[in-house]
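Novice: Below you will find the structure I want to go over with you.
The values are calculated or read from the model by the stated rules, or taken from the named source; none is laboratory data. Fair warning: this is a prediction, and the values are worked out from it, not measured in the lab. Positions of Cβ are backbone-derived with ideal geometry, glycine not excepted, and every protein chain shown enters the neighbour counts.
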Amino acid sequence: MTDQAPLLPVTVTCNTDVRFIDLIQVVGGELLKHMSFTQDDVERIWLSIQEGITNAMRHGNKLDSAKSVSVCFVPGPEKIEIHITDQGGGIDLESIPDPNLPENILKPSGRGVFLMKQVMDSVRMFSTAEGNTLVLVKQRV
């Protein structure tokens, strides 16, 4: 019996164009299945990833197609980390208003980070001189 080699990180870098989200979904979805996440988990995790990529393109890069978005899937023995990097100015995730508060219920936006925090085990962001990286972590149960 041979030991299976650990999975290596997989990175997809593309121009800021929402049409690339489908390509990233294929790569990420297959990796999650390969890591034995359930189909339900794959769908929930993908919603978080999709929201993170969309935010990076729309809010981070301001839909500037000259800027790139990079998504790195980092598989581990018991978890997956997803690093979504844009070239924008960044945001403090804790400064985003709670969409469940009465004054925010009817607002058309502001639910993406809330969704990510409900689905993922960890959601954090850090900034460098090159841009911002959103890190999503999900433990495999």
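Novice: Looking at (1) buried (at least 17 other Cβ atoms within 10 Å of the Cβ); (2) within 15 Å of the chain's Cα centre (by Cα), which is the only condition R111 fails?
Specialist: All conditions pass for R111, except number (1).
Novice: How many residues does region 102-114 hold that are in a helix (DSSP H, G or I), of a type in the set (D, E, K, R) and touching a residue at least 12 places away in the same chain (Cβ under 8 Å)?
Specialist: Adding up the residues that qualify gives 0.
Novice: Also, quick follow-up: If I ask for residues that are among the β-branched types (V, I, T) and part of a helix (DSSP H, G or I), which ones from region 3-23 would you list?
Specialist: Scanning region 3-23 gives V18, I21.
Novice: Just checking, how many residues over region 25-43 are out of contact with any Phe, Trp or Tyr (no Cβ under 9 Å at 6 or more places or on another chain) and in a helix (DSSP H, G or I)?
Specialist: Residues that pass the stated criteria total 9.
Novice: Shifting gears a bit: Can you tell me which residue within region 47-59, out of those that are under 14 Å from V12 (Cβ atoms) and either without any contact (Cβ under 8 Å) to a residue 60 or more places away in the chain or small (G, A, S) (or both), is surrounded by the fewest Cβ atoms within 10 Å (Cβ to Cβ)?
Specialist: Residue satisfying both the conditions and the ranking: Q50.
Novice: Considering region 77-93 alone, what residues qualify as being modelled with pLDDT under 95 and under 22 Å from I45 (Cβ atoms)?
Specialist: P77, E78, I91, L93, listed by residue number.
Novice: Restricting attention to region 65-89, and to residues there that are assigned to a loop (DSSP other than H, G, I, E, B) and of a type outside the set (D, E, K, R), which single residue is surrounded by the most Cβ atoms within 10 Å (Cβ to Cβ)?
Specialist: Out of the qualifying residues, it is G88.
Novice: If you don't mind, another one. Return the residue satisfying two criteria in turn: it lies in region 25-40 and is among the aliphatic types (A, V, I, L, M) and either at pLDDT 95 or above or under 13 Å from I80 (Cβ atoms) (or both), and of such residues it is surrounded by the fewest Cβ atoms within 10 Å (Cβ to Cβ).
Specialist: Filtering region 25-40 for residues that are among the aliphatic types (A, V, I, L, M) and either at pLDDT 95 or above or under 13 Å from I80 (Cβ atoms) (or both), the one surrounded by the fewest Cβ atoms within 10 Å (Cβ to Cβ) comes out as V27.
Novice: Here are some residues: K62, K117. Which one is surrounded by fewer than 19 Cβ atoms within 10 Å (Cβ to Cβ) and outside any loop (DSSP other than H, G, I, E, B)?
Specialist: Result: K117 is the single residue among K62, K117 that is surrounded by fewer than 19 Cβ atoms within 10 Å (Cβ to Cβ) and outside any loop (DSSP other than H, G, I, E, B).
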